[in-house]
1. Working only within the range 161-204, note down all residues that are among the hydrophobic types (A, V, I, L, M, F, W, C), within 11 Å of Val266 (Cβ to Cβ) and without any contact (Cβ under 8 Å) to a residue 40 or more places away in the chain.
2. Could you list, ordered by first residue, the pairs with Cβ atoms under 9 Å in which the first is in the range 17-35 and more than 25 Å from Lys174 (Cβ to Cβ) and charged (D, E, K, R) and the second is assigned to a helix (DSSP H, G or I) and modelled with pLDDT of 90 or more, at least 6 apart or interchain?
3. Among Gly84, Gly88, Gly108, Gly117, which is in contact (Cβ under 8 Å) with a residue 60 or more places away in the chain and on the phi > 0 side of the Ramachandran plot?
4. Answer yes or no: is there a residue in the range 171-180 that is in contact with a Pro (Cβ under 7 Å, 6 or more places away or on another chain) and open to solvent by less than 40 Å² (accessible area, probe 1.4 Å).
5. Out of everything in the range 238-261 that is touching a Ser or Thr at 6+ places or on another chain (Cβ under 7 Å) and not hydroxyl-bearing (Ser, Thr, Tyr), what residue ends up being modelled with the lowest pLDDT?
6. Considering only the range 225-244, state which residues are assigned to a loop (DSSP other than H, G, I, E, B), within 26 Å of Asn122 (Cβ to Cβ) and among the β-branched types (Val, Ile, Thr).
7. Quick one: which residue in Met298, Met267, Met304, Met310 is assigned to a helix (DSSP H, G or I) and open to solvent by 40 Å² or more (accessible area, probe 1.4 Å)?
8. Please state which of the following conditions Asn143 fails to meet, knowing it meets all the rest: (1) in contact (Cβ under 8 Å) with a residue 60 or more places away in the chain; (2) more than 26 Å from Ala331 (Cβ to Cβ); (3) open to solvent by 20 Å² or more (accessible area, probe 1.4 Å).
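The values are calculated or read from the model by the stated rules, or taken from the named source; none is laboratory data. Just so it is clear, the model here is predicted, and its values are computed rather than measured. Here the Cβ is made from the backbone with ideal geometry for all residues, glycine too, and neighbour counts use every protein chain on show. Side chains are part of the model used for accessible areas, which takes the heavy atoms of the whole protein and leaves out ligands, DNA and RNA. Shrake-Rupley method; radii C 1.70, N 1.55, O 1.52, S 1.80 Å.
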Amino acid sequence: MSKTAETEGALETRGIEQVPDHERTARTRELFPTWVGANISVLLLTMGASLVVAYHLDIWQALVVAAAAPLVSYGLVGLIGIAGKRGGAPGMALSRAVFGQRGNLLPGSLIWVARWGWETINAVTGAYAMLTILDIVFGLKANSVLDMVMLLAFVVATFAISGLGINAVQKCNKYATYLFGVFSVLVLGYLIVHTDWSRVTDRPAGSAASVITGIGLIAAGGVSWIPSAPDFTRYLPRTASSKAIVGTSVGGAGIVVLPMVLMGAVMAVSTPDLASAADPVSFVGEILPTWIAVPYLMIALIGMLLINSMSMYSAGFTAQTLGFKVPRHWAVSVNAVISLAFGGVLMLVATSFMGSFIAFLSLLAVAFSAWVGVFGADMLRRTDYDGRAMADTTRTSAYWYRGGFSPAAVAAWAVGLVSGLLFSTSDWFTGPLAKNNVVGEYGLGWIATIVISGLLYVVLPKPAVAAPAPAPAEDAAAEEPAPATV
């Protein structure tokens, strides 16, 4: 990212307020390492293994899933990211223009809570990576105390990166992209030499329904990033290419998701227990030789750290839109404490890590998708956002609408959310319509949510789109940034 008055220092001080045009000097190519870093996760290996073990796909079907899933989910990430260059503000701040100042608290609260789950899963995976490295290199065996120490260390490191802001996050992602490339070559080379390819290629094909379900499963992870997309495009100039935003989002994610899912599918042929391992990190460490396992685990650790940092970075903005009147970097600390508490419970109590993760992922995707459907449909009619109206949370705001709510947006969101849950199934919850239709059978409740909420918002009567208020003449050339609180 090009340096500006707000980002050239170690600490980003800008909060949810609109970025002035003269500071919006980022470039679209910087999004590529951002979405590479957001996907360097060992969980993609276990999910790839699940395609073979649980869904009985062959390697060619796994290839289709691995290619299609990032195209679908990160295509949506890129499309919603266009709103960031239009409005120069984080996604949940722009959402005020759609739902109203009070109405935005409804999806905002749910998305914020959902982020707790993602950050908990990431923190636990990172802690497992640290524990496995200590075991392999120093012979230190995991115990309850060491588990909590590693979890605390991971969360503190996450808070440090996300608290510093966008510059720190993007620089770390850039270096992680290079490391991931080296790691991929090592592991792919090992698999090519040591895999019994006849066993891989001779597996019978699974059903078309299983392929669709697999795409939905892998894509659901990318859906969780959609509301955060504008957070990473808000420093782009208004003239930035929309096609480039979508292309770099899909490309950055695809270059990670495709090989990781395929590697997991290949590994599962000889080690099917990978798909259900209680601790997927240490399990993968055991099936690789030490000279690959240690650098691999380091990459997994860095990847989890960056994913959590990006999530907490966005969560800080969400907390501010919910009314936490603290600077952005302190808003981040709220999620850090929550992920530490929940992570401790998961590491000490949960018996099936992967089962808990997939169950959570399926419901999480629905929670994000209801917002995506409404916000995405609104983008079809809105090309700009009023920064002053977004910051004004009183009745004088152009985005106050009726009592602080946009009836069309709130109604479409609520109906889409409930409908999506009716079509969803997981270990924790099964909707009444999940088994009696194609959508439920294929695990595509999140797609039903987007379609229903988006179409309903389109047909419902909506308040007029307010034209952005012009900046005062004395501020037109160089707008002073608003305080980083709401």
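1. Residues of the range 161-204 among the hydrophobic types (A, V, I, L, M, F, W, C): 161, 164, 166, 168-169, 172, 176, 179-180, 182-183, 185-188, 191-193, 197, 200.
When the remaining residues are screened for being within 11 Å of Val266 (Cβ to Cβ), the result is 187-188, 191-192, 197, 200.
Selection gives Ile192, Trp197.
2. Glu17/Ala93; Glu17/Gly387; Glu17/Met390; Glu17/Ala391
3. Sole residue among the options that is in contact (Cβ under 8 Å) with a residue 60 or more places away in the chain and on the phi > 0 side of the Ramachandran plot: Gly88.
4. Checked against the condition, which is being in contact with a Pro (Cβ under 7 Å, 6 or more places away or on another chain) and open to solvent by less than 40 Å² (accessible area, probe 1.4 Å), the range 171-180 yields at least one hit.
5. Only one residue fits best here, namely Pro259.
6. Of everything in the range 225-244, just one residue is assigned to a loop (DSSP other than H, G, I, E, B), within 26 Å of Asn122 (Cβ to Cβ) and among the β-branched types (Val, Ile, Thr), namely Thr233.
7. One residue alone meets the criteria, Met298.
8. (1)
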